[in-house]
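Laboratory data are not the source of any read-out in this text; all were calculated from the coordinates shown. This structure is a prediction, so every number in the text was calculated from the model and none was measured. As a convention, Cβ positions derive from the backbone with ideal geometry for all residues, glycine included, and neighbour counts pool all protein chains shown.
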Amino acid sequence: MEEVIRARGHENVSATHASTFEVTTDDYLTPAGDCILAVEADRAPADFDPAFVEACRDREAEITVTVEAGGHEETLMGRGDPDLTFESERSAVGRTSDYIDDRTVVLNCETAAEGVERELIEALADGAEATVTLSVE
């Protein structure tokens, strides 16, 4: 089961955050947003199919986030949790920790923004179109 978000990069994408990565519906990005990979997302967690959300609410769920832009691709792996709400109408956030808020879509990721392939980050900083695919098993 999967959900697909279409977004774009921004000149201020730096991806240096050590514990999160984020895709936002906002159309701007300041240099302080060091976890944000893409802006102008066409969907947010609140838009996801209820069946997908329910599948992610299993503590044993394996959630894969694949980010593609400018001919580059990165796959980030994490897990689900019964407390995930998928209520945010603004941002989808992956975390290396087990912290949950309404933006959280995946926990205990093996890496955060700082671990994403630099060629992909450069493409995003150049404003490349991005596809973010969330899959759950």
Checklist entry - What number comes out for the charge environment of Ala125, summing +1 per Lys or Arg and -1 per Asp or Glu over other residues with Cβ under 13 Å away? => result -4
Next on the checklist: With equal scatterers on the alpha carbons only and no solvent term, can you work out the Debye log10 of I(q)/I(0) for segment 4-83 at 0.14, 0.16, 0.19, 0.27 1/Å?
Outcome noted: -0.53, -0.69, -0.94, -1.35
Item to check | Positive-end extreme of charge dipole, segment 38-137 - chosen from Phe48, Phe86, Val116 (charges on Cβ) | outcome: Phe86
Next on the checklist: Between Thr30 and Thr131, what is 0.36 nm times their sequence separation minus the Cα-Cα distance? Round to one decimal in nm.
Outcome noted: 34.2 nm
Next on the checklist: Which of Thr104, Thr64, Thr30 ends up with the largest GNM mean-square fluctuation for the chain, with Cα atoms connected below 10 Å?
Outcome noted: Thr30
Next on the checklist: Based on alpha-carbon centroids, what's the gap between segment 82-137 and segment 1-74 in Å, whole number please?
Outcome noted: 4 Å
Checklist entry - For labels at Arg90 and Glu54 in the simple 7 Å Cα→Cβ model, what's the distance in nm? => result 3.0 nm
Next on the checklist: Once you place label points 7 Å from the Cα toward the Cβ at Asp83 and Val4, how far apart are they in nm?
Outcome noted: 3.4 nm
